[in-house]
Every structure is written in structure tokens, then in C-alpha cells.
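See structure below.
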Amino acid sequence: MQSMHSTQPTQSQPTHSQPPKPPKYSAQSFQRAEPIQPSSQAGPPAAAPQPSHKVARLVGPVLVMIGTGMLANGPTYRLMAGQFLATLPLIYFSGILMLVSGLAILNAHPQWTSDWRSVVTAVGWILTCVGAFRIIAPQFANFIATAVVDNGGFFTGAGIVLLALGGFITFKGYSA
């Protein structure tokens, strides 16, 4: 009688002396027979966008949307501002978000130039300073903002400025 631990193969147990060998490939087997030719309609390859263009492509549309919202829904924005200013933790948290956003812009684009790119840097500095102010003194930020928001034409004026600034930045960011 055979023991259960027999080392001799039976018909139900296949024999495996060596694992199957993978096919051999050479570097030439992966080369194309004919190189790909660029089409005659294609121009030179586009240059990678500069940091100022990348930041402008992000910040510009956001400013356009905020400005459009202020112009289209002034009373709703006034109501939201009142609710926001009544909550100091929201002022503090928005300060953190503004500080981080401003520092991200300044890290990506810290240049003062004589062209439109200085606007991107200025937006970064404004966000950084306002964010730091909201973190350090949220109650004072509440006091100032309440006085500004109570002005009847604030949202119309701010909406026009943000729409124009965002449109300009967006145009410059995508016209590279």
C-alpha cells in the first residue's frame, strides 16, 4: 500500500521539471518599421505654460465667477455676507484658506515685472495679507467688513472690479 506522502508521480499529478521559459525579446522587436512622421498641418510643439499662466488660468475664472455672482445676485450676496460676518469661526477659517491660497500663488509666482504678470503676484499678496489679518484679528476683520458691506454700492462696485480683473487675468493666462 502506498503512503499518502509518496514522492512518485501518479496519473493525476502532472510532472513539472522546469517552469516554462518566457519568450525572448530584443530592443529591436519593439521598434516600428517606419518612424511616425509629423503631419504637415502641425506647427512647432507648444511650449509649456509659465507659472504665471498656470496661476492666471486658475485665479482668473474664479474672480470672473465671483464678480458675475455679485452683479447678478447682489441682495443674496449681502445676505450671505451678513450671515458670514456673524460667525467668527468662519472668518478665521476663511483666513486660513486665503493665507494658504496666497502663499501658494506667491510660491509659484513671486515675480514683480513690468507687464501683466505683476497682477498675479499682487493677487497673491492681497490674499496672503487679508488671510493673515483674518487669522490674527477675526473680530476686527468682522468690524471692518460689516462697515464695508453696509455700503449700498459695495457689491456692485466689487462685482465690476472682480469681473474686469478676472477677465483680464483669464485672457492673459490663456493667450500664451
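The values are calculated or read from the model by the stated rules, or taken from the named source; none is laboratory data. Just so it is clear, the model here is predicted, and its values are computed rather than measured. Note: ideal-geometry Cβ built from the backbone for every residue, glycine included; neighbour counts use all protein chains shown.
Quick notes on this one:
- Residue within region 143-160 that is in contact with a Pro (Cβ under 9 Å, 6 or more places away or on another chain) and among the β-branched types (Val, Ile, Thr) present: no
- Scanning region 155-176 for residues that are touching a residue at least 40 places away in the same chain (Cβ under 8 Å) and closer than 25 Å to Leu90 by Cβ gives Phe155, Thr156, Ala158, Gly159, Val161, Leu162, Leu163, Leu165, Gly166.
- Of the residues making up region 152-176, those that are of a type in the set (A, V, I, L, M) and surrounded by fewer than 18 Cβ atoms within 10 Å (Cβ to Cβ) are Ile160, Val161, Ala164, Ala176.
- Residues (at pLDDT 95 or above, buried (at least 18 other Cβ atoms within 10 Å of the Cβ) and either of a type outside the set (S, T, N, Q) or touching a strand residue (DSSP E or B) at 6+ places or on another chain (Cβ under 9 Å) (or both)) located in region 92-118: Gly95, Met98, Leu99, Gly102, Ile105, Leu106
- In region 40-91, residue modelled with the lowest pLDDT [restricted to those that are surrounded by 14 or more Cβ atoms within 10 Å (Cβ to Cβ) and not in a helix (DSSP H, G or I)]: Pro49
- Test: residue in region 109-131 that is among the aliphatic types (A, V, I, L, M), assigned to a helix (DSSP H, G or I) and more than 19 Å from Leu162 (Cα to Cα): no
- Only listed residue being over 20 Å from the mean Cα position of the chain (by Cα) and at pLDDT 95 or above, chosen from Ala141, Ala147, Ala164: Ala164
- Subset of region 150-161 (residues that are more than 20 Å from Ser118 (Cβ to Cβ) and either in a helix (DSSP H, G or I) or at pLDDT 95 or above (or both)): Phe154, Phe155, Thr156, Gly157, Ala158, Gly159, Ile160
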